[in-house]
Every structure is written in structure tokens, then in C-alpha cells.
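Scroll down for the structure; my scribbles are underneath it.
Derivation of every value follows stated rules applied to the coordinates shown; laboratory data play no part. On a predicted model such as this, the values are computed, not experimentally measured, just so you know. Counting neighbours? That spans all protein chains shown, and the Cβs are built from the backbone with ideal geometry, glycine included.
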Amino acid sequence: MADTPERDLPPVRPVVAAEQLATEGEVAIGTAPAGIPGRERSEKSRRVIVYILLFFVALLFFIPFFWSVTTSLKTLPESVGFNLLPEHPSIRAYRQAISAYDFNRYFLNSVFLSVVVTMSTLFLSSLGGYAFARLRFPGREVLFFLVLATLMIPHELRLVPVFQMLIDFPVLHVNLLGTYQGYFLINLVSATSLFLMRQYFLTIPKDYEEAAKLDGAGYFKTYWRVMLPLAGPALAAVTILTFQGAWNDFFWPLIIFLGDESKYTLPLGMFQFRTQFYTLWPELMAASVIAIVPIALIYVFFQRYFVAGVTAAGVKG
Amino acid sequence: MTVAKSRGSTLGRESVREALVGYAFVALPIASFLIFFMYPLGYAFYISYFDWGALGRIESLGLGNYREILHDDLFGHALRNTLRYAVIVVPSQMALGLALAVTVNQALRFRTFFRAAFYFPAVAGSIAITAVAAYILSSDGLLNAGISSVRGSEYHHSWFGDSGTALESIMALNIWTTSGTMMLFYLATLQSIPTDVYEAAAIDGAGSWRTFWKITFPLLKPGHFFVAVVSVIGSLQIFDQAFFVSGGSGGPNYSTMTIVLYLFNTAIDGVRFGYASAIGIVLFAMIATLTLIQRLLFGRAEVA
């Protein structure tokens, strides 16, 4: 039992797949059932239909994005028409959005918040995940259960208490509402990330650490020099999951920054823009493109890690 | 004897050190979860028994807030909207997610591309996507242009602006954006079905349609439960899209008022913290019940 203390921890079923995904970096795709001789012709026509259907659905999935990009390159009068492509494509809407409506600032705020939250989550979730996976301390199971329990608490329920806490932080009596610090404080680390890191560390053979121990490395050094370099896929999944979450977050910025435009993020900026300038479509679409492109680029390059992160985050629902 | 004893105490000291380091490593996350999750849970429970305003406790109501919820027409409206939303969106998302997963799971060319394309709407943020949808569904938007050209006459319906279609438009939007996520969950479960089951079916001469309904679908049972619960929980928490299209009001004519939007307005605009917390507790109870059911079902069903 002392050898495998992790067995005592509560198993969480749906995450097995996520763990495997994190380990392998991608969904292991099983081979399709073999065809039967003599069926080949119907098989072939079936395939053609499947491809046509798939491309059609994929197109359907892409039209809205395509449409927002082309509109962002149009002029206002043109944006209410049905022209597929702009007659005189221009980046006027982008210039307007960036200079006249401050989307420049919102963009930088989004980058700042997302980067800081991602870094603190990476560090704290991997450090905590390592401790939960490897170090033995009394109460570990109880504390880990606490981590899992936080996954059940919907963030809407936390709205009022956290709002009040930020206005007048207990003990310290400072007002953190409307500050970046307030946002960072409530987003230091997430249970999903901690969980993902722990699961991943459990899959790493102990030989590596034992070698480090023989070399006289302490716990932090073992974590930093041995475990972290081995946890690449899990760190990538946590990075993407967290960055995407913070980048797209609307709920908490709305609660914390509402009314102070200098701190707006892109989603908040878009909301405000929409309510003020109801039909300035090219500018709004330019803002949407600015909000979607960074995350789309990350998605294109790190697609496989998205899969691992999302499936693991599914525990949270 | 002395040697063994001193060795034992070194070990003891080492394990104390290990424990202390362990506590230090988990200290910040645990503190964060206690302060920003557990304490708020308790606090919300506590103040839900009071009339609680910006300056704190006004008076004790006992279960008064909960009684008010039962008789609050606007809450009833928000609840009905949210449930109506869930009843349509959950099965649609599941069906679409399953169809996409089964298709993408085959040995196809460009499989990675298709999978990426179907999941992409879930990656782009809810607000950016809703902004795009607001444009496409506006009275001069792409959808109406398409309808006009099919009908041969001008059609200018404001999909989000009409109380008869506003919520339905959000439903359509979210079925589209989240079916990719459901596809990923189904894919993970599909991977766990052993291939020899399919080989046996192929030898028996079962067609692909039959194979799907007789083998794949029943074997996906754990996946169905998991996806259903994730989808229901997500539906109960619908907020961003409704807030964006209605400017936070839940309009037109409260057609996009959802539970969370009502909670938000009660807390932030109405400054009725006690009542808002009671609404949060009701939502929490709904979600917790569903999650427990899911855990129970999932605990029994083997995913392999």
C-alpha cells in the first residue's frame, strides 16, 4: 500500500480517456472495420457521398467565420448587402476599431490577463499536481477530494460572495473590484488543471526521480529539473485550456471591470461596442476577427493538445 | 540496534520533511480553492436566508427568499426559458456530436482537418461568435438575404430582435458551436470500443447502418450519459449569449431571460445579494444532483 498510495484516491472515470489523450497527445484512432469483398462498389459510392456531405458540413461550419472576415474588409453600406467579397477591400474597419474605439487597448488587456493567469496556473497546478501525485503527507486524500469538490461549484453561485469579497477583502480590507489583481487572485489556479497535471505525473515512471534523489536533488529541484521536462503534453494542454478560458472569459471581467473601460478585455469591448454602435457591422466584425484569430492560430498549431484539455475539462462540465 | 534506530529516525525525519514540502506545494492551490470556492459556497448558503443588500444584512427571512423564488414570475419565466432551451439543445447537440464523431472516427482522408473544422466554433470565444451571429441574423443579414433569394421577395426578420425567435436563435447558435465539443467526448468513448466487435459484425454480414444501431450505439452508453450531463449542465448555465444579444436585459419581452442572467441582474443591478444567492443555491442543487447522477452512472459503467 505504501508503494501505491495513489490507488487510495477516488477514481474519476471520464478522465481516463483524457489522461490517455494527454499521454499520447492525440486520440488513438482505431482502424475502421474491414470491408467485405463484393461490396466494394457500394462501399465506394458510399464513400463519395460521405466526403461530399462532410465537406458540405465543414463549409457550413466555416461560412460564419468567412463572412465575418469579408465583412470586416467592407464598407458600412456594403455590409448590409449580399456581396460575397468586398468590392474595394480595405482595412478601414480595423483602423477604426483600433484607433477610434480602443480595441487596441482591449486587445492588450486580454493578452495581459490571459498570459498572467496562464503562467500562474501552469506553475501552481504542476507544483500541486506533483505533490498530490508523488509526495506523501497526512490528509492528502482529503485535500485532493477538496480539489475535486470545487469542480461541482458553479461559478454563478460564487458571483455574490466573490463580488463582496473583492469590494472589501476580508482581513486586509482593500477594494480589489475593478483591479487586475482582483482578477488574478480569483484565477490563480484551476482545479481542472491541477487534476490534469496530477493524472499525468502518475503515469511517469518513478525511476527518473529515484535517480535524481541519488544525486541528492531536493523535492523542488526534482519537480523543476526532472518532472516538468517530462510533462510536456500535459503542460501544453493546461496552457491551451487556461489561455483559451481566460481569453474568451466574459463572466468575471464583466463583474470585475464593468464601468471602467480602460480595463476592458476584447469580449467586454465587443459587448460595449455592440450596445453603443448598434449596426457598425464592419467594425464589430473586425473586432471579432481580432478576438478569434489569435486563438485560431494557437488552435491550428496545437490542435492535439486542445483535444486532451477539453476532454479533461469535461469533468467540470 | 542503535544503527537500526538511528536509521529509523532519519527515515522519520525524511518523511516529516516530505510531508512539510507536500503541504507547501499544495498550499496556494488549496488556499485558493478554500477562499474562492468553499467559503463562497458556505457564504452563499448563509446569506440566502437574509434580506442582504450592499451594506450587508437587512433582516433575517428564514426561508423567505426561497418562498419568493417559488412565487417570482420572472424567475419562473427564466426557469421555463432555460428548461425549454435545454430540452431542445441537449438532444440536438448529442445527435449532431454523435454523428460527427462516428463520421470522423472512420478511416477517412483529411480526417484531422474535418475534426479540426468541427471543433473550431467551440474554440472561438462565445462573445466573438455571438457578435458574428448577431450580424448574420440581423434584419439585413446573411440569413435573411438567403431567405429573400429563395422566396424571391425581400425578407427582413430580426431574429434576435423578435421575442418569438430570439431564444430559438440562441439555441441554434449554441447547437452549432458546442456540437464539436460533444464530438470530442463521443470520440474518446468510441476509441474504447474494441475493434474485434466490428470484425465479428462484418463477418456476420451486418451493414454499416445496422452495425451502428445494434453495436456502436448501445456500446456508447457511458458516452451518452457523460455527454448528456455535460450538455445539460452547460445549458442550465447559459448566460454569455443571452447577455450579449439582449444587452443584459433578457429581452425582447424577457424571451432571452435565463436563470443565470436573472441571477446576475438581481445581484449586480438589483443589489439583492441574499435573493441572488438563493437563486444560485437552487441552480447549484440542480447541477449537483445531475453531477451525482452522472458520477453514479459512470461509476458503474466501465469505459475500459
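Given R₀ = 41 Å, FRET efficiency for A:LYS44-A:VAL300 by Cβ-Cβ distance, to 0.05? Plugging the Cβ-Cβ distance into 1/(1 + (r/R0)^6) gives 0.80.
Where only DSSP H runs of four or more residues are counted, the protein assembly as shown gives -21000 deg cm²/dmol as its mean residue ellipticity at 222 nm, each run worth -39500 (n - 2.57).
Go through B:GLY12, B:LEU55, B:LEU28 and say which Cα lies farthest out towards the positive end of the charge dipole of chain B; charges sit on Cβ, +1 for Lys and Arg, -1 for Asp and Glu. Farthest towards the positive pole: B:GLY12. Between A:PHE277 and B:ASP204, the FRET efficiency estimated from the beta carbon spacing at R0 = 56 angstrom works out to 0.30.
The HN-Hα couplings worked out from phi for the stretch B:34-41 by the Karplus form 6.51 cos²θ - 1.76 cosθ + 1.60 (θ = phi - 60°) are 5, 6, 9, 10, 5, 4, x, 4 Hz, whole numbers, x standing for Gly and Pro. The label point for B:GLU59 and the one for B:LEU28, both projected 7 Å from the Cα toward the Cβ, are 4.7 nm apart.
Other residues whose C-beta falls under 13 angstrom from the C-beta of A:TYR183 contribute a net charge of -1, scoring Lys and Arg +1 and Asp and Glu -1. Once amide H atoms are built 1.01 Å from N in the peptide plane, which residues 5 or more positions from B:TRP52, or in another chain, come under 5 Å H to H? Here B:ILE58, B:PHE273, B:GLY274, B:TYR275 satisfy the definition. Between B:TYR39 and B:SER149, the contour length at 0.36 nm per residue exceeds the Cα-Cα span by 33.9 nm.
Across the stretch B:20-30, rounded Karplus estimates of 3J(HN,Hα) from the backbone phi angles (6.51 cos²θ - 1.76 cosθ + 1.60, θ = phi - 60°) give 5, 4, x, 4, 4, 5, 9, 4, 5, x, 5 Hz, Gly and Pro being marked x. Modelled spin labels at A:ASP215 and A:LEU84, positioned 7 Å past Cα toward Cβ, are 6.0 nm from each other. Extent along the principal axes, Cα only, for the stretch A:102-313: 66, 45, 28 Å, with the longest axis given first.
If a spin label sat at a point 7 angstrom from the Cα of A:ALA100 along the line to its beta carbon, the backbone N atoms of the stretch B:116-149 nearer than 20 Å would be those of B:132, B:135. The Cα center of the stretch A:50-74 and the Cα center of the stretch A:152-169 differ in position by 40 Å. Computed log10 I(q)/I(0) for the stretch A:161-265 at 0.24 Å⁻¹: -1.21, from the Debye equation with unit scatterers placed on every C-alpha and solvent omitted. Across the stretch B:53-61, coupling constants 3J(HN,Hα) worked out from phi with the 6.51/-1.76/1.60 Karplus curve, θ = phi - 60°, read x, 4, 9, x, 5, 9, 7, 7, 10 Hz, and Gly and Pro carry x.
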